[in-house]
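Everything below concerns the one structure shown next.
Each reported figure results from applying straightforward, stated rules to the coordinates on display, with no laboratory input. Quick caveat: nothing in here was measured; it's all calculated off a predicted structure. No Cβ is skipped: glycine too gets one built from the backbone with ideal geometry, and neighbour counts run over all protein chains shown.
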Amino acid sequence: MALRKAASSQKTRPTKGEAPETPKAPKTPSGRKAPHTDGLGARELAKIRGGLRVVWHRSRARKLCVERCTDAEGYGVCEACFGRTPTLKIDHVVPCGGVEGLIERMFCPSSGLMGLCPTCHNEKTKAERKALREAKK
């Protein structure tokens, strides 16, 4: 009898005539679910931004920046503190947040990118977010 309960509590595929389960909505940065919209909403913007990041990650400008910031032994060299790091974070000199003009800002030449160690990258990102919050006030 215990086996029947366990088997019945498992989710099964919908049978003919039943509607399939709807996927869960992605969460907004504040942790709430993004509302469903008819057209271009938060969910669609999140998908577009994610797709752009994948394409940017493979861009020639990013690869040139990685080459510029890598020493002969294969370590990354931070362009802010000039320290060697095994993990190099490529960041935009001018923040590319927001929707308007996102593609133009994201796909800038390699001179608009900088290689940072994780510590310098976190400090720069924290300062940019703080400035953005203060500008919204």
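Sort segment 63-137 into rounded, prolate or oblate with this rule: let a ≥ b ≥ c be the square roots of the eigenvalues of the Cα gyration tensor; rounded if a/c is under 1.5, and if a/c is not under 1.5, prolate when a/b is larger than b/c, oblate otherwise.
It comes out oblate by the Cα gyration axes.
Tell me which aspartates and glutamates have Cα within less than 15 Å of Lys137's Cα, excluding those fewer than 8 residues away on the same chain?
Straight-line reach from Lys137, under 15 Å: Glu128.
Taking the Cα centre of segment 60-135 as the origin and placing charges on Cβ (Lys, Arg +1; Asp, Glu -1), which of Val94, Ser110, Cys69 is farthest toward the positive end of the dipole?
About the Cα centre, the residue reaching furthest to the positive side is Val94.
About the Cα centre of segment 32-137, what is the dipole size in debye to 20, counting +1 per Lys and Arg Cβ and -1 per Asp and Glu Cβ, all else neutral?
Using only the charged Cβ atoms, the result is roughly 460 debye.
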